[in-house]
Amino acid sequence: MTKKAFITGVTGQDGAYLSEFLLKKGYAVFGGYRRTSSPNFWRLEELNILDQVELMEVDILDTGNLIRVFDKVGPDEIYNLAAQSYVAVSFEKPVLTGEITAIGVTRVLEAIRIVNPKVKFYQASSSEMFGKVREIPQNEMTPFYPRSPYAAAKLYGHWLTIDYRESYNIFGCSGILFNHESPLRGIEFITRKVSNAVARIKYGKQDYFEVGNMDAKRDWGYAKEYVEGMWMMLRQPEPKDYVLATNENHSVREFIEHAFSAIGVSLHWKGSGVNEAGLDSKTGKTLVKINPKFFRPGEVDQLLGDYSKAKNELGWEPKIKFRELVEIMVQQDLERISRAK
Ligand code: NDP
Ligand code: GDP
């Protein structure tokens, strides 16, 4: 019989790639999206799968809604990807972030417990939970130290998944995923903000862009590979938690430098602190500026993941590393802009 998967947050980056992956595996894919005044299906459209996903209105703020939808669909697997996922916004909307990103997980788990506790459940946890890191690199045993309302909310969801596994025998896995990016990444995240701005600069659509802390380091992988890891976790005999990462980290500054080198521009840096700027080495034009509005009240200085458990038990390994990822993202944004011309 055809397996049914339900994905909350299907309109997001991972929701789109996971839908594509599961469709290829022969699943019937049901995607939960929240009602907005205008539809937001551009990612599913870009992957050409909009007509293959059964879209259903689901808000993880509403338990009754979740129960009715799960009851109607009868999924074998549920992937909870819905979240207020942007760290910077979580400082401005900490309560809403908690409602969606933390308590939302309880609502989904309660709906599972009520409708069918045999469902396999994936929770999208985050490396942000390691925050002010207690050891380098971070693995599944590393103590957590969340540094934002988003990270604290994700930690709640992570522990709830473990609690429901231990209390009610629910097959729940928490994937502790390090940052993963792609041409489908939201424009507010640094990688896509940079790839988009660099492509626009190349086409003369803007002169420069502004960023915050360029010294933060992240372990950036390719989203398309990470969604496969989610599915692999649910194939294991026992539900467990896994780190997915590349075990390489790079600074925001390096990301910016590589993005410019993908369009043949070499940058040099001038000044320091908020007066630092990135200049085109050839023309001397300022291409990157610092704007303190992008600094965060609490910063995660560096993240570096150890994915050995996923490699040993799931056979999962990242293939696309930093340089290639930056190039894929810049190329895709260049193509988008040239197509729109
Ligand atoms: P996105 O921000 O792209 O997607 C989040 C999704 O959640 C969107 O579809 C959004 O809908 C939906 N959503 C938000 N609020 C609600 C709500 N109240 N009810 C229903 N749906 C809602 O995130 P990603 O795809 O990048 O990430 C997927 C998950 O993985 C998220 O939980 C994220 O926090 C987590 N994660 C991501 C990492 C990454 O590097 N990408 C790293 C580690 C964890 P809408 O389109 O309407 O906004
Ligand atoms: P996060 O790791 O989930 O917070 O992913 P982001 O892509 O939002 O941020 C990654 C890092 O880039 C953080 O340390 C930010 O402080 C840093 N950063 C520097 N400038 C910017 C900016 O302009 N936008 C964003 N989103 N992040 C920035």
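Springs between Cα atoms under 10 Å define the GNM used for the chain, and in it the highest mean-square fluctuation of Tyr122, Tyr145, Tyr226 occurs at Tyr145.
Residue separation of Glu188 and Arg35 scaled by 0.36 nm, minus their Cα-Cα distance, works out to 53.0 nm of gained length. For the chain, the relative contact order works out to 17 percent when only alpha carbon pairs closer than 8 Å and six or more residues apart are counted. Among the GluC sites (Glu not before Pro) within region 168-213, those in coil by DSSP and having at most 16 neighbouring Cβ atoms inside 10 Å are Glu188.
At most 15 other Cβ atoms within 10 Å and a DSSP loop assignment: could you name the trypsin sites (Lys or Arg not before Pro) in region 184-220 that fit?
On the way: sites: Arg185, Arg192, Lys193, Arg200, Lys202, Lys205, Lys217, Arg218; in loops: Arg185, Lys205.
Those satisfying the criteria are Lys205.
Reachable lysines from Lys72, Cα under 21 Å, same-chain residues fewer than 8 places away excluded? Excluding near neighbours in sequence, the set is Lys3, Lys4, Lys118, Lys120.
Of all aspartates and glutamates in the structure, those lying under 20 Å Cα to Cα from Lys25, and not within fewer than 8 positions of it along the same chain, are Asp14, Glu45, Glu46, Asp51, Glu54, Asp76, Glu77, Glu225, Glu228, Glu317. Taking only protein heavy atoms and a 1.4 Å probe, the accessible area of the chain is 47% carbon and sulfur.
The calculated FRET efficiency for Tyr145 paired with Lys341, based on their beta-carbon distance and R0 = 51 Å, is about 0.65.
Under a 5 Å amide H cut-off, with hydrogens placed 1.01 Å from N, Gln138 pairs with Leu304, Gly305, Asp306 among residues at least 5 apart or on other chains. In a DSSP loop and with at most 14 other Cβ atoms within 10 Å, the GluC sites (Glu not before Pro) in region 83-144 are Glu135.
Have a look at the DSSP beta bridges in the chain and tell me what percent are antiparallel, nearest 5.
On the way: 9 of 43 bridges.
Roughly 20 percent of the DSSP beta bridges within the chain come out antiparallel.
Suppose all protein chains stay in the model; what accessible area per residue would a 1.4 Å probe give for the chain, in Å²? Can you show the working numbers first?
Details: 15130 Å² over 341 residues.
Computed with neighbouring chains in place, this is 44 Å² per residue.
Here is how the number arises for the chain: DSSP H runs of 4 or more residues each give -39500 (n - 2.57), the sum is divided by the residue count, and the result at 222 nm is -11000 deg cm²/dmol.
Assuming a ≥ b ≥ c are the square roots of the Cα gyration tensor eigenvalues, decide whether region 37-120 counts as rounded (a/c under 1.5), prolate (otherwise, with a/b larger than b/c) or oblate.
Values: a/c = 2.08, a/b = 1.06, b/c = 1.96.
The shape class here is oblate.
Compared with the direct C-alpha span, the chain from Arg113 to Asn291 gains 59.4 nm at full extension, assuming 0.36 nm per residue. Of Val274, Val95, Val58, the residue with the greatest mean-square motion in the GNM of the chain, using alpha carbon springs below 10 Å, is Val274.
The values are calculated or read from the model by the stated rules, or taken from the named source; none is laboratory data. Treat the numbers as computed from the prediction; the structure is a model and nothing was measured. Positions of Cβ are generated from backbone atoms using ideal geometry, with glycine treated the same way; all protein chains shown enter the neighbour counts. Note: accessible area is taken over every heavy atom of the protein model, side chains too, but ligands, DNA and RNA are not part of it. Shrake-Rupley method; radii C 1.70, N 1.55, O 1.52, S 1.80 Å.
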